[in-house]
1. Within the range 275-308, which residues are touching a residue at least 40 places away in the same chain (Cβ under 8 Å), surrounded by fewer than 17 Cβ atoms within 10 Å (Cβ to Cβ) and polar (S, T, N, Q)?
2. Only residues that are among the basic types (K, R) and in a strand (DSSP E or B): list them for the range 193-235, please.
3. What tally of residues in the range 1-44 results from selecting those that are surrounded by fewer than 24 Cβ atoms within 10 Å (Cβ to Cβ), among the polar types (S, T, N, Q) and in contact (Cβ under 8 Å) with a residue 12 or more places away in the chain?
4. Within the range 64-71, is there a residue that is among the acidic types (D, E) and surrounded by 12 or more Cβ atoms within 10 Å (Cβ to Cβ)?
5. For the range 96-139, enumerate the residues that are of a type in the set (K, R) and closer than 29 Å to G169 by Cβ.
6. Could you check the range 151-166 and list, in sequence order, the residues that are among the polar types (S, T, N, Q), within 30 Å of R238 (Cα to Cα) and not in a loop (DSSP other than H, G, I, E, B)?
7. Being farther than 27 Å from L28 by Cα and at pLDDT 90 or above narrows it down to one of L363, L323, so name that one.
8. Residues S355, S299, S312: which one is at pLDDT below 90 and over 30 Å from M85 (Cβ atoms)?
Amino acid sequence: MKKQRICIVGDGLSGLMTALALHKLEGLDVHLISRKNKHSRDKRTTAISASNYEFLNVVVDKLDKNLFWPSKKINLFYETKYRNMNFLNFNEDRKNLMYVFENNKIKEVLIKEIKKKKIITFQKNINQLKDLDDYEMKILCLGRSSKIYQNIVDKRSLNKDYKEIAITGYVKHNLKNLNTAQYFLKDGPLAILPFSKNKFSFVWSVDKEFTKKDISLVVKSKISEILKTKKIQILNQRSYPLTLNLKRTYYKNDILILGEGLHTVHPLAGQGFNLVLRDISNLQKILKYYTGLGMSIKSTSALEDFTNNRKSENIITGIGIDLTHSFFKPNKLLDPFKETILKNISKNDTLKKISKFISNQGLSI
């Protein structure tokens, strides 16, 4: 039987992972379309759950485990008037809760895997959908704000401008036994993600008004205060605006949006790329089912099945993260009760187990 042609448009982490995952399916001829213009290296880090780490190892042959920094502990803190209160801890003795990797290093691995698998790759800029008419299915992994999406989605997407920026960077340090941590500070949530023995990345979400301050000085001062050390060096500091965007329409005819184009969420819970990987895994299973039956994917309900399987979790997760963010923002009416509420959460073992399961597996069972 002649192989059915699918094109993946976009060569970020989402596009590369999608191309490799679908290439594993018999009956599909996967092409990757990357942009002509080379972008600067992505010097951020990403945290993924244990289940998504397993999926990554299935997609990529002989993945070097040294590229990932495992974490068995995650500590959550809330800034009160007098201290940073440790209100919740996730601990595992044997299993890892999550893994952190440097984006640019994993992207290099994925590109090498693309070449090794001899996946056909074109360098061209796609400006209109008719450029893709030769394919049975088109999957767009073009980031959060491509103009091409306007031809596919309706205007009922959930959108919110947080009027915040995320400040990111790396920190060199000499501390021992530094755990992954999330600090809910008055100025905004700060995540600390170790990715080597003497380095961690951070993501600090703050009001846009912070741009009027000496950000580098403020960031170093705050991290030094939290970690109780001045012996740190901050590298690769950058910032980007924060928005919530949850698409209600996932596809049109044989064209599917995937990656950040489907869902852009607040980084405080580290769930953005985890949702993307669950999307890719689900799409792979659906297409495997239909191609296994020898059916033309263009004439199946594959994209409708994908939407039905994934939209609920993506929207619920995005809204849940938004509500969590709202809860921890300063609020004169709620602030007097937050400490008591959080102390009760720390005593609830059932809630901790549910939170741990959802963070790892998502809402799909």
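1. The one that is touching a residue at least 40 places away in the same chain (Cβ under 8 Å), surrounded by fewer than 17 Cβ atoms within 10 Å (Cβ to Cβ) and polar (S, T, N, Q): S296.
2. Going through the range 193-235, the residues among the basic types (K, R) turn out to be 197, 199, 208, 212-213, 220, 222, 228, 230-231.
Selection gives K199 alone.
3. Qualifying residue count for the region: 3.
4. There is no residue in the range 64-71 that is among the acidic types (D, E) and surrounded by 12 or more Cβ atoms within 10 Å (Cβ to Cβ).
5. Going through the range 96-139, the residues of a type in the set (K, R) turn out to be 105, 107, 112, 115-118, 124, 130, 138.
Hits for the range 96-139 are K105, K107, K112.
6. Step one: of the range 151-166, the residues among the polar types (S, T, N, Q) are 151, 157, 159.
Imposing the further condition that a residue be within 30 Å of R238 (Cα to Cα) reduces the set to 157, 159.
Hit for the range 151-166 is N159, nothing else.
7. Working: L363 fails: at pLDDT 90 or above.
After ruling out the rest, the residue left standing is L323.
8. Among S355, S299, S312, only S299 is at pLDDT below 90 and over 30 Å from M85 (Cβ atoms).
The values are calculated or read from the model by the stated rules, or taken from the named source; none is laboratory data. These numbers were taken from a predicted model, which means no experiment stands behind them. Using ideal geometry, Cβ is built from the backbone for each residue, glycine included, and neighbour counts are taken over all protein chains shown.
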